[in-house]
1. Considering (1) within 16 Å of the ligand (Cβ to nearest atom); (2) part of a helix (DSSP H, G or I); (3) in contact with a helix residue (DSSP H, G or I) (Cβ under 9 Å, 6 or more places away or on another chain), say which one ILE214 fails and leave the rest.
2. Looking at GLU18, GLU37, GLU56, GLU28, which one is away from the ligand (no atom under 11 Å from the Cβ), in the same structural domain as ILE338 (by TED's automatic domain parsing) and either part of a loop (DSSP other than H, G, I, E, B) or surrounded by 16 or more Cβ atoms within 10 Å (Cβ to Cβ) (or both)?
3. Could you please give the count of residues in segment 76-91 that are in a loop (DSSP other than H, G, I, E, B) and buried (at least 22 other Cβ atoms within 10 Å of the Cβ)?
4. Please state which one of ALA350, ALA374, ALA357, ALA369 is surrounded by 15 or more Cβ atoms within 10 Å (Cβ to Cβ) and either touching a strand residue (DSSP E or B) at 6+ places or on another chain (Cβ under 8 Å) or of a type in the set (A, V, I, L, M) (or both).
5. Quick check on this structure: which one of ALA271, ALA276, ALA285 is near the ligand (Cβ under 10 Å from one of its atoms), assigned by TED's automatic domain parsing to the domain that holds THR23 and crowded, with 24+ Cβ neighbours inside 10 Å?
6. In segment 285-297, which residues are more than 26 Å from the chain's Cα centre (by Cα) and not hydroxyl-bearing (Ser, Thr, Tyr)?
7. Aromatic (Phe, Trp, Tyr) and over 23 Å from GLY14 (Cβ atoms): which single residue out of PHE333, PHE348 fits that description?
Amino acid sequence: MSEKRTITVAKGDGIGPEIMDATLKILEAAGAPLNYEEIQIGESVYLNGISSGIEENAWDVLRKNKVFLKAPITTPQGGGFKSLNVTVRKSMGLFANVRPCKAYTPYVHCNFPKMDLVIIRENEEDLYAGIEHQQTDEVVQVLKLLSRPGCEKIVRYAFEYARANNRKKVTCMTKDNIMKHADGLFHKVFKEVATEYPEIEADHMIIDIGSAKIAHHPEMFDVIVSLNLYGDIISDIAAEVAGSVGLGGSSNVGESVAMFEAIHGSAPDIAGKNMANPSGLLNGAIMMLVHLGMTEYAEKIENAWLKTLEDGIHTGDIFSEAHSSKKVGTAEFADAIIERLGQKPVKFDAKVYDPNAKPPTVELKPRGARRKKAIEGVDVFIDWDEDNRNPDTIGKRLEKCNTSKLALKLISNRGMKVYPQGMKETFSTDHWRCRFTKTEGSEVTHADIVELLQAVAQEGFDYIKTEHLCSFDGERAYSLSQGE
Ligand code: NAI
């Protein structure tokens, strides 16, 4: 028998306490060698004025125990509250979110009986950096940040996961036909890393058609790796296509800490009614047991769960006259699993875990020398709402601001070139991106940009931000405008 491990648990909000009690009861009945240390998170903590939703001393508990089984929580609506899930994932460096989605036909309705895919979602970067600004009366901005190490970590994890779990194919999904630099980096790193795993097929899909294929041909996928936002969306689609959001578990894996949960939320509409399906959290707990190397308990619980499903004992969300024999509540469903501990499913394949399998680990390749960066120009963003927003007026006035080093090249509005020679049909907001590029033969410094900004301010313009236009080792590292 394995040595006893202490893990952190949080019962969360809504259906959280019911599904956590059911899950812990099953873990205990199976004899999983675990001790539990409970922390408070979620609504009650938010409402005590802690905007992160987690008490300060809980961080030490998470760090000490390293493994966290978490029930869903309710994020209060309105400003000021930060998503606890995002905070925990980012603070603890949980870079990989692993979400298996599998069909359990005919006992759980799904149109795709062979569906068995795993979504590996980047968990720390992308639009979830949560950096947003209202820049003009009309325009808000959110920053989408991707880093090379961030992309490399998740892509390597996906291939390592595929290798460790005997999966044959990894599909990368991005929108790099539009975001050539950001999503382009993710795709580029994917192509590089794929060459190190020749035994695994690697392909790429644009996220829009990829999502459509998940909805209509999920059986064609094996492992999917994607950016944070796309991964979030496609994993909910996949879970629903597989049968119910109530079934899916997920792991959030970092270098030292890992968190396990259901993919669904706190379901306030059915909270306290003994109606919730505890399978999502239970599947999260099974992933946790595998992570801890307690595969014999993972196997025992998963097989009892499969047997319960095929015996037709179902909670309301997966109940059907055709395939269910009995509709049960949360607690009775847990008891039915407990009764079947030690049994194997007859119609489903019994689950077998390799006791010697190691969880996937990721080692980043050492980076070469930093590339040489040079400033090729600057985009100055301006809030301007005069003269019926005539682009020729702002263009002519900005040309007066040219310095010996930097000259106005073009102006775009929401990414579309409007000056010089814009099209009269193009709609303009009060947010202007004014691109100044370096003059022939000059070398641009920060002082040159400051000189330009002073001229822009003196001309009476409200500049709201700048972005340097850089090259790395002489290669352009910024996008062109539409129409440039
Ligand atoms: P939800 O996932 O809680 O519920 C969506 C629908 O699925 C509801 O009709 C619900 O009754 C049903 N459902 C969910 N889990 C179920 C289960 N185990 N058994 C049977 N039916 C189930 O999503 P919703 O309503 O958008 O969010 C509710 C709250 O949960 C929000 O405050 C949200 O912020 C939070 N949330 C928390 C997450 C987490 O803690 N990891 C993840 C997603 C949402």
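The values are calculated or read from the model by the stated rules, or taken from the named source; none is laboratory data. Fair warning: this is a prediction, and the values are worked out from it, not measured in the lab. Here Cβ is always computed from backbone atoms with ideal geometry, including for glycine, and neighbour counts include all displayed protein chains.
1. Among (1) within 16 Å of the ligand (Cβ to nearest atom); (2) part of a helix (DSSP H, G or I); (3) in contact with a helix residue (DSSP H, G or I) (Cβ under 9 Å, 6 or more places away or on another chain), the lone unmet condition for ILE214 is (1).
2. On the way: GLU18 fails: away from the ligand (no atom under 11 Å from the Cβ); GLU37 fails: either part of a loop (DSSP other than H, G, I, E, B) or surrounded by 16 or more Cβ atoms within 10 Å (Cβ to Cβ) (or both); GLU28 fails: either part of a loop (DSSP other than H, G, I, E, B) or surrounded by 16 or more Cβ atoms within 10 Å (Cβ to Cβ) (or both).
Going through GLU18, GLU37, GLU56, GLU28 in turn, the sole match is GLU56.
3. Keep residues of segment 76-91 that are in a loop (DSSP other than H, G, I, E, B), which gives 76-83.
Those left that are additionally buried (at least 22 other Cβ atoms within 10 Å of the Cβ): none.
Matching residues across segment 76-91 total 0.
4. Details: ALA350 fails: surrounded by 15 or more Cβ atoms within 10 Å (Cβ to Cβ); ALA357 fails: surrounded by 15 or more Cβ atoms within 10 Å (Cβ to Cβ); ALA369 fails: surrounded by 15 or more Cβ atoms within 10 Å (Cβ to Cβ).
Answer to the check: ALA374.
5. Details: ALA271 fails: crowded, with 24+ Cβ neighbours inside 10 Å; ALA285 fails: near the ligand (Cβ under 10 Å from one of its atoms).
From the options ALA271, ALA276, ALA285, the qualifying one is ALA276.
6. Looking only at segment 285-297, we keep the residues that are more than 26 Å from the chain's Cα centre (by Cα), and these are 294-297.
Selection gives MET294, GLU296.
7. Details: PHE333 fails: over 23 Å from GLY14 (Cβ atoms).
Of PHE333, PHE348, the one residue that is aromatic (Phe, Trp, Tyr) and over 23 Å from GLY14 (Cβ atoms) is PHE348.
Conditions tested, residue by residue: (1) buried (at least 22 other Cβ atoms within 10 Å of the Cβ); (2) in contact (Cβ under 8 Å) with a residue 40 or more places away in the chain.
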position	(1), (2)
PHE112	no, yes
VAL140	no, no
VAL155	yes, yes
VAL170	yes, yes
LYS175	no, yes
ILE178	no, no
